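The values are calculated or read from the model by the stated rules, or taken from the named source; none is laboratory data. None of the values given here were measured: they were computed from a predicted structure. All Cβ positions, even for glycine, are placed from backbone atoms using ideal geometry, and neighbour counts span all protein chains on display.
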Amino acid sequence: MKVLAILYTGGEAARQEPRLLGTTENQLGIREWLESQGHEYIVSEDKEGPDSAFQKHLADAEVLITTPFHPGYLTAELMEKAKNLKICITAGVGSDHIDLNAAVKHGVEVLEVSGSNVVSVAEHVVMSILLLVRNFVPAHEMIERGDWQVSDVARNAYDLEGKVVGTIGAGRIGFRVLQRLKPFNCKELLYFDYAALPEHASKEVEARRVEDLKDFVSQCDVVTVNCPLHEGTRGLVNAELLKHFKKGAWLVNTARGAICDREAVAAAVKSGQLNGYSGDVWNVQPAPKDHPWRYMKNPLGGGNGMVPHYSGTTLDAQARYAAGTRSILENYLTNKPQEPQNVIIGKKGYETKAYGQR
Ligand code: NAD
């Protein structure tokens, strides 16, 4: 059996730190195990274009392992050519880089390691909310520059207490964000999701559901995006929706870059319609050098908390998604049933309700 994994190259850091499992150097820690059973294991970071290792080996691979951090984009066109492909495993959470409808058409199963990094991301969301609301980045940059002018940063710094915070998507991550925000004594916690939280969960976090998206964003001081990317969420936060945000609201997106319109967000930050935008996900990864989200600033020179895609790839998370990948592979190799929560596309099509309403 040929197993193809598309991972990013970690370089010196990955040679020094073996716990960087999601790299081409450390290979999710499964090479020895796979090869001891006579399987072929190809690992590469080369993923773009017809001559890439990705496209070359996809032609006869049976198993494809990818991560959302360095996504091997498996389009419908490539799926046509992957004649031997049976199963795609996402080492992490979020399989939007696979054309899921094409996977259904070709009978290819898609699994992810559900839950493996949801705490990692929820912690990053809370950090991102705080760094925007408290105007942290410009304050730190001031210190590095050798300056000290408190008023320049205090003029745009607020408390989170007393603000209204809402999440688009209240699944594993969205719910954990609400749980972590509870002790901050926000004025209100809101959520927008076509699936209601179970009663015990909404009671625990005391979150109110708002069913209309424009109505929802118009009530929030902070909006955090925590839903998957699918047909119903691509470009969801666009110029039209941004008009309905409170002027000077903050937006945090660690879900997927393409859920927020690149130009509309940059323009909203520049104009001050958004006081800031923060997150780690980009509509193309790696993000090009000239991507406006790298450099956008609000009129007071702050409001940008962007980082590379790493919220869900802490060392703790990597240990969990590497182990989860191996366990999915073991089930596949021994014909054992998969954990239901990991199955996005099963033998009969969509098995999750999180990738849009069908
Ligand atoms: P989940 O499946 O537990 O929850 C997703 C929730 O989004 C569900 O409740 C679903 O009903 C809701 N949803 C779907 N479409 C919606 C829509 N149109 N409007 C409102 N809500 C909608 O998933 P999760 O574990 O919470 O992860 C969510 C997403 O976060 C992943 O799909 C992935 O894209 C992203 N993620 C990012 C990182 C990172 O490192 N930045 C890591 C993990 C996950």
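Summary table below
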item: Those strands (runs of 3 or more DSSP E) lying entirely in region 1-80 with at least 1 residues under 26 Å from the mean Cα position of the chain (by Cα), under 24 Å from Ala103 (Cβ atoms) and of a type in the set (S, T, N, Q); result: 40-44, 63-66
item: So Val125, is it at negative phi, in contact (Cβ under 8 Å) with a residue 60 or more places away in the chain and part of a helix (DSSP H, G or I); result: yes
item: Options Tyr355, Tyr321; residue that is modelled with pLDDT of 95 or more, within 11 Å of the ligand (Cβ to nearest atom) and either among the aliphatic types (A, V, I, L, M) or in a helix (DSSP H, G or I) (or both); result: Tyr321
item: Residue, farthest from the ligand (Cβ to nearest atom), within region 83-100, restricted to residues that are of a type in the set (A, V, I, L, M) and buried (at least 23 other Cβ atoms within 10 Å of the Cβ); result: Leu85
item: Boolean, Ala103 is more than 12 Å from the ligand (Cβ to nearest atom), buried (at least 16 other Cβ atoms within 10 Å of the Cβ) and of a type in the set (Gly, Ala, Ser); result: yes
item: Residue in region 122-130 that is more than 16 Å from the ligand (Cβ to nearest atom), modelled with pLDDT of 95 or more and surrounded by fewer than 20 Cβ atoms within 10 Å (Cβ to Cβ) present; result: yes
item: The listed residue being among the basic types (Lys, Arg) and more than 30 Å from Ala5 (Cα to Cα), out of Arg358, Arg262, Arg326; result: Arg358
